[in-house]
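Structure, as structure tokens:
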Amino acid sequence: MAEKISGRHDKKRSRLNRRRFVQAMVSVGIVGTIVSFLSLLRSLLPSAGAGQQPGEVDNTFRYGMEEGAWYSDRAGAEVMVEDFDRVGKGAGVVWRGSIPAIIIRVDESKLKGAKATDGLIAFASTCTHLCCISTWRLDRPNEDVIFCRCHDGAFDPYDVVKNSMQDGSEYSGAKVVAGPPPRAAPLIPIEIKDGKVVGVPEKLGIYDYCG
């Protein structure tokens with residue numbers, strides 16, 4: 001009898017051990033998948049800039065990788081002012097290697113609350129609602145709005161208003177005109193250097209609202 005009880009206990013322990021092993025392997029697989037996805041995502045972001053010295057940060061905007069956009073084949077290339085040859089032309093870009101942004105050539109006569117630089121203006125494109133990435137004329141090709149497809153949030157790049165981050169930091173940005181975003185899309189000051197569109201790193205803390 002004792003041998004039968006012992007045998008049942010051994011089988012139960014064996015099943016438990018197998019179950020724990022399977023659970024552990026599934027957990028490892030999930031973690032591995034997440035790590036692989038993050039590595040792939042990082043590899044898709046344009047490089048912060050070749051040729052710069054260690055410790056330096058490249059403030060030149062570089063093209064993003066949106067499919068179907070006019071700049072799709074320029075991912076990672078430096079943004080040049082001559083690329084924006086007509087009003088309404090815009091692009092999804094990356095600033096300082098990690099900050100998603102949008103650059104637009106605007107009709108300066110319609111711009112309120114800010115001044116364009118050589119006809120261009122730039123905003124952080126991370127939505128202030130839940131941090132999705134907004135676009136310009138990809139989802140709403142006939143509308144002059146920076147649009148977030150996640151929850152239909154929209155920002156007006158022609159109406160730059162004063163706003164405050166959750167920590168009280170004041171900034172200027174594209175006014176919210178639709179959807180749930182609680183704050184304006186932060187303006188990024190720009191300048192032109194040797195034909196390149198370069199962001200001016202002022203108040204960098206206001207671009208960290210997504211952690």
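Considering the conditions (1) in a loop (DSSP other than H, G, I, E, B); (2) over 23 Å from ASP208 (Cβ atoms), ASP73 is excluded by exactly one of them, (1). Which members of region 63-96 meet the condition of being among the small types (Gly, Ala, Ser) and more than 16 Å from ILE190 (Cα to Cα)? Of everything in region 63-96, those that are among the small types (Gly, Ala, Ser) and more than 16 Å from ILE190 (Cα to Cα) turn out to be GLY64, GLY68, ALA69, SER72, ALA75, GLY76, ALA77, GLY88.
With respect to the conditions (1) in contact with a Phe, Trp or Tyr (Cβ under 8 Å, 6 or more places away or on another chain); (2) surrounded by fewer than 17 Cβ atoms within 10 Å (Cβ to Cβ); (3) modelled with pLDDT of 95 or more, TYR63 falls short on a single one, namely (2). Whenever a residue of region 64-76 is in contact (Cβ under 8 Å) with a residue 24 or more places away in the chain and farther than 20 Å from GLY97 by Cβ, it has no partner that is of a type in the set (Lys, Arg) and not in a loop (DSSP other than H, G, I, E, B) lying with C-beta atoms less than 7 angstrom away and at least six residues away or across chains.
Suppose the filter is outside any loop (DSSP other than H, G, I, E, B), touching a Pro at 6+ places or on another chain (Cβ under 6 Å) and more than 25 Å from GLY76 (Cβ to Cβ); does TYR171 pass it? For TYR171, the condition - outside any loop (DSSP other than H, G, I, E, B), touching a Pro at 6+ places or on another chain (Cβ under 6 Å) and more than 25 Å from GLY76 (Cβ to Cβ) - is met.
For the residues ILE146, ILE121, the requirement of being modelled with pLDDT of 95 or more, under 22 Å from ASP58 (Cβ atoms) and crowded, with 21+ Cβ neighbours inside 10 Å singles out ILE121.
Residues that are part of a loop (DSSP other than H, G, I, E, B) and more than 17 Å from the chain's Cα centre (by Cα) within region 119-144 comprise GLY119, ARG140, PRO141, ASN142, GLU143, ASP144, listed in sequence order. Among residues that are under 26 Å from LYS175 (Cβ atoms), in contact with a Ser or Thr (Cβ under 9 Å, 6 or more places away or on another chain) and not in a loop (DSSP other than H, G, I, E, B), ALA101 is included. Within region 195-210, does at least one residue satisfy the condition of being at pLDDT below 95 and basic (Lys, Arg)? Within region 195-210 (the criterion being at pLDDT below 95 and basic (Lys, Arg)), the answer is yes, since at least one residue qualifies. Just to verify a result, which residue in region 178-211, among those that are under 18 Å from ARG105 (Cα atoms) and among the small types (Gly, Ala, Ser), is nearest to the chain's Cα centre (by Cα)? Here the residue is ALA185.
The values are calculated or read from the model by the stated rules, or taken from the named source; none is laboratory data. What you are looking at is a predicted structure, and each value in this text was computed from that prediction instead of being measured. Here the Cβ is made from the backbone with ideal geometry for all residues, glycine too, and neighbour counts use every protein chain on show.
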